[in-house]
1. Restricting attention to region B:158-194, and to residues there that are closer than 20 Å to B:Gln78 by Cβ and not in a helix (DSSP H, G or I), which single residue is nearest to the other protein chains (Cβ to nearest Cβ)?
2. Just give me the residues in region A:131-162 being over 19 Å from A:Glu222 (Cα atoms), at the interface with chain B (Cβ under 8 Å from one of its Cβ atoms) and touching a Leu at 6+ places or on another chain (Cβ under 8 Å), in sequence order.
3. So for region B:217-228 (the condition being within 12 Å of chain A (Cβ to nearest Cβ), without any contact (Cβ under 8 Å) to a residue 60 or more places away in the chain, over 23 Å from B:Ser76 (Cβ atoms) and buried (at least 18 other Cβ atoms within 10 Å of the Cβ)), does at least one residue qualify?
4. Is at least one residue of region B:133-143 within 11 Å of chain A (Cβ to nearest Cβ), within 20 Å of A:Trp85 (Cα to Cα), at pLDDT 90 or above and within 30 Å of the chain's Cα centre (by Cα)?
5. Suppose we filter region B:25-56 for residues that are part of a loop (DSSP other than H, G, I, E, B) and either within 18 Å of A:Trp184 (Cα to Cα) or among the hydrophobic types (A, V, I, L, M, F, W, C) (or both); how many remain?
6. Would region A:207-226 turn up any residue that is touching a strand residue (DSSP E or B) at 6+ places or on another chain (Cβ under 7 Å), buried (at least 19 other Cβ atoms within 10 Å of the Cβ) and part of a helix (DSSP H, G or I)?
7. Being within 13 Å of chain A (Cβ to nearest Cβ), more than 25 Å from B:Val92 (Cα to Cα) and either part of a helix (DSSP H, G or I) or of a type in the set (D, E, K, R) (or both): is that true of B:Glu152 here?
8. Mind listing whichever residues of region B:195-206 are assigned to a helix (DSSP H, G or I) and either in contact (Cβ under 8 Å) with a residue 60 or more places away in the chain or over 21 Å from B:Val91 (Cα atoms) (or both)?
Amino acid sequence: MTMSNSGSQSAAITPAGVDRPAAGPSATRSLEQADSAHLAAHVRKGRSTESARRTAAWLVGIASIDGRVVGALVLLLVVMFPFLWLVQLSLRPTNDIFGESLLFVPSLDSFRSLLQSHFAGSFVNSLIVSTASAGLSLLFGVPAAYALTRCRFRARGRIALWILVTRMAPPIAFTIPFYMAYRWSGLLDTNLGLIIVYLTFNLAIVIWLMQTYFAAIPQALEEAAYIDGCGVWSAFWRVTLPLTAPGLAATAVLCFVFSWNDFFYALILTRTNATTAPVAIVNFLQYEGWEWPKIAASGTLVMLPVVIFTILVRSYLVRGMTAGGIKD
Amino acid sequence: MTILPWEASRKRAFIIGLAPALLVLGAITLLPTLALIVVSFTPLSLTDPINTFHFNNPLGNYRQLWADTRFLNSVSVQLKLSLSSVALQLVVGLGVALLLNARQAILSAVRAVFLIPMVLPPIVVALIWKIMYTPEVSPLHRMLENVGLPVESLITNPDMALWAISFAETWQWFPFTMLMVLAALQMMPDDPLEAARIDGANRWQIFKYIVFPYIRPALVIAGLFRLIDSFKAFPLIYVLTNGGPGTVTEVTNFYGFIQAFNFSYWGYASAIAVLMLAGAFLLSWLISRWGGHHDDE
């Protein structure tokens, strides 16, 4: 493994490197050139070597296929089969729903008819509510997480437990009082109502997760900013926050995903105007008969953003979903 | 020298930063919880809210719970579902993690794909399994029919419905245990393994005496987390069985939902929710104790 790795590395340097030093008049000169060529190669190798190393790792992986890999791939196929079945069902032409063959011409008819139905509106509602809720939770949660990280409040442990309980609490415990309050205040079946409810879990996530990111930023940087004339929050805004940008983005994505995935609150607190995409799926199941390709297409559309996010920011998502369980 | 006023102004600034979040969090979590507890002491019903909001018999709802066979049944259904699915998740998750714990590019790609069930919207998971369990569209049912073994739908069969849900729940959540175990395995030092190998331990002995004790805390935490979350199971039951056949799959959460939103018995539903909240609180407290203990080591 080490052998083939280093081999591919040097192979990658040659094409990326500099022209071969011309045979100079003097030996010293040629040596000098060779030296600088080496240096240049060293500087430039960056990307191409990195990608070459990755390809090499893949090749090594494929070459050394063993029982473990075969077992993993078979298992993968079995586990992902129900998921893939949903996707293929959504692409089936309507006249061939129950077809036996897996060979069919994919059709986007189901998706097209979805876009012309109420589903499109629910999808937009989902986007609005999830984005706004993620934004609001960051607005309130980030400064709080920062304060909790940098300042040793005496109530810190109690606040941490409170936040954990909020994450753990069964939604029905919040739904009953929220439903009563919303009926009275007219927030029932509005996007704003859902945005507020989603803060119950998103705010807890932001405060919980951002603390780990802030803890990783050395405090000395902020003190330096203070000496340069920054106040506490301007030092935070100009120095600390930009450094946690990746964590901030990941936390925002996580809030979005949790709001996007919610079904329980949306089912109870919306009726017709503010239904979100997951509730629209259930309406298909209940009221529109059993139009399987259309139902499958709606499921595929709803999971699309989440699957894309998973691929893009996987490691951060993992950290967020297991927060509290794994110590960083 | 300049650090001193910095420290002083910091404290004030931090309180300003913390206050809005705590106020909002208090307004949306503590207030509703208080309201829930208050309502749980009344027989409030939405059909007649004015006359049913009184405290003549504050513990009436809680007393009624002990005599309500449908509630007691829901608790036992909940326990069956939670314990069976969490146990399955732990076993499957542990197995998959051990299978995938090697430094190979392919395996890390496989690990990534295995995360998909866990991040999918629960309603989509419910949809996927609705399709799997509905004979007319399910590839599994079709396959069994083709080999001459037609099986009736699992979710309409009173003996199988709960296990069908437990299976779907396991499919969705085994990756969580897998992740936790993989993280623990990656932090495991190599030395004891080497030493055991040199001493001639076989693979089972190495697993039993070295690997397993090392990942046990991760398994416990994963189990507790999943146990708490399993009390919230809703979309799967709502879409697959709607609590039926009969009340075979009616878990406590679902029963509370029916009491509140089908029968409008808000006081009674609140009492159920208060009990569930107390359970979640107790388990969270256990986790924070466990987490803290873990820290000290």
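1. B:Met160
2. Listed by number, the residues that qualify are A:Phe140, A:Gly141, A:Phe153, A:Ile159, A:Trp162.
3. yes
4. Taking every residue of region B:133-143 in turn, at least one turns out to be within 11 Å of chain A (Cβ to nearest Cβ), within 20 Å of A:Trp85 (Cα to Cα), at pLDDT 90 or above and within 30 Å of the chain's Cα centre (by Cα).
5. Result for region B:25-56: 8.
6. Checked against the condition, which is being touching a strand residue (DSSP E or B) at 6+ places or on another chain (Cβ under 7 Å), buried (at least 19 other Cβ atoms within 10 Å of the Cβ) and part of a helix (DSSP H, G or I), region A:207-226 yields at least one hit.
7. Against the criterion (within 13 Å of chain A (Cβ to nearest Cβ), more than 25 Å from B:Val92 (Cα to Cα) and either part of a helix (DSSP H, G or I) or of a type in the set (D, E, K, R) (or both)), B:Glu152 does not qualify.
8. B:Ala195, B:Ala196, B:Arg197, B:Ile198
The values are calculated or read from the model by the stated rules, or taken from the named source; none is laboratory data. Fair warning: this is a prediction, and the values are worked out from it, not measured in the lab. FYI the Cβ positions are ideal-geometry reconstructions off the backbone, even for glycines, and counts take in every protein chain you see.
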